[in-house]
Amino acid sequence: MNFNKNNLEKYMTIVLEEAKIALVEGEVPIAALIVKDDEILSLTHNKVESLKDATAHAEILAIKEASKKLNNWRLDNTTLFVNVEPCTMCLGAIENARIDNVVYGTSEPKTGACESRYDLSLFNPKKIKIVSGILEEESKELIKKAFIRK
C-alpha cells in the first residue's frame, strides 16, 4: 500500500461519501473499504439498524465482502479504510482476517480499540500498521451530524 497523503485521502474521500449514504439511511455514518494492490475489494457502511444486527458494522461487512471477492478469509496484503476508529469487535475481525493496515479518520474515545480507549493492536503478534487522522475534521463533522439528529 502506498501511504502517501494523496493516496490515503483519495480512499478516505470514498469512505466519507459512503458514510453519507449511511446517514441518509438512518445509520451511524461509518463506512469502510478494503484495498489490495490499489484495487477496491469492498465498500460498505454500517447496517446495524436496517439489518437489526449489532454486528453489522462497516468493517465487518467490508471484510465479508472482500473475502467473498477473493474467495478467501485471509485478507493478507490489504488495507482497511474507515472514517472512525474501529471498536474491539471490529479490530478482532480485522486481526483474524489478517488485514495488514488500518487507516482511519477520527478517534472514538468511548469504544476505539486502536489507540483511543484501548490499544488492542499491541496484543497481535503480526502488529497491524495503524494510520490515524486522515481527513479527521470531515470525519468528525459527519459523526456530529448524526448525533445532532438524534
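The values are calculated or read from the model by the stated rules, or taken from the named source; none is laboratory data. If you're wondering where the values come from, they're calculated on a predicted model, not measured in any experiment. Note: ideal-geometry Cβ built from the backbone for every residue, glycine included; neighbour counts use all protein chains shown. Each accessible area value is taken on the protein alone, full model and side chains, heavy atoms only, with ligands, DNA and RNA left out. Shrake-Rupley method; radii C 1.70, N 1.55, O 1.52, S 1.80 Å.
Within segment 77-84, is there a residue that is among the β-branched types (V, I, T), in contact with a Pro (Cβ under 7 Å, 6 or more places away or on another chain) and closer than 18 Å to L135 by Cβ? Before the answer, list the steps.
If we filter segment 77-84 for residues that are among the β-branched types (V, I, T), which is where we start, we get 78-79, 82, 84.
Still in the list and also in contact with a Pro (Cβ under 7 Å, 6 or more places away or on another chain): none.
Scanning segment 77-84, I find no residue that is among the β-branched types (V, I, T), in contact with a Pro (Cβ under 7 Å, 6 or more places away or on another chain) and closer than 18 Å to L135 by Cβ, so the answer is no.
Could you list, in sequence order, all residues of segment 88-100 that are open to solvent by less than 20 Å² (accessible area, probe 1.4 Å) and assigned to a loop (DSSP other than H, G, I, E, B)? Let's see the steps before the verdict.
Residues of segment 88-100 that are open to solvent by less than 20 Å² (accessible area, probe 1.4 Å), as a first pass: 90-91, 94, 97, 99.
A97, I99, listed by residue number.
Got a sec? Which helices (runs of 4 or more DSSP H) wholly within segment 1-82 have at least 1 residues that are open to solvent by 10 Å² or more (accessible area, probe 1.4 Å) and touching a helix residue (DSSP H, G or I) at 6+ places or on another chain (Cβ under 7 Å)? If you could, list the steps in order and put the result at the bottom.
Working: elements: 5-24, 48-51, 58-70.
Passing ranges, in order: 5-24, 58-70.
Just checking, which of V28, V15, V84 is in contact with a Gly (Cβ under 7 Å, 6 or more places away or on another chain) and within 15 Å of S139 (Cβ to Cβ)?
Just a single option satisfies the conditions, and that option is V84.
May I ask you to list the residues in segment 63-74 that are over 14 Å from the mean Cα position of the chain (by Cα), within 8 Å of A97 (Cβ to Cβ) and of a type outside the set (G, A, S)?
W73, R74, listed by residue number.
Kindly establish whether E115 is under 15 Å from the mean Cα position of the chain (by Cα), under 21 Å from K140 (Cα atoms), open to solvent by 70 Å² or more (accessible area, probe 1.4 Å) and at pLDDT below 95.
yes
Open to solvent by 80 Å² or more (accessible area, probe 1.4 Å), in a helix (DSSP H, G or I) and touching a residue at least 24 places away in the same chain (Cβ under 8 Å): is that true of E141 in this structure?
Working: open to solvent by 80 Å² or more (accessible area, probe 1.4 Å): yes; in a helix (DSSP H, G or I): yes; touching a residue at least 24 places away in the same chain (Cβ under 8 Å): no.
Answer is no for this residue.
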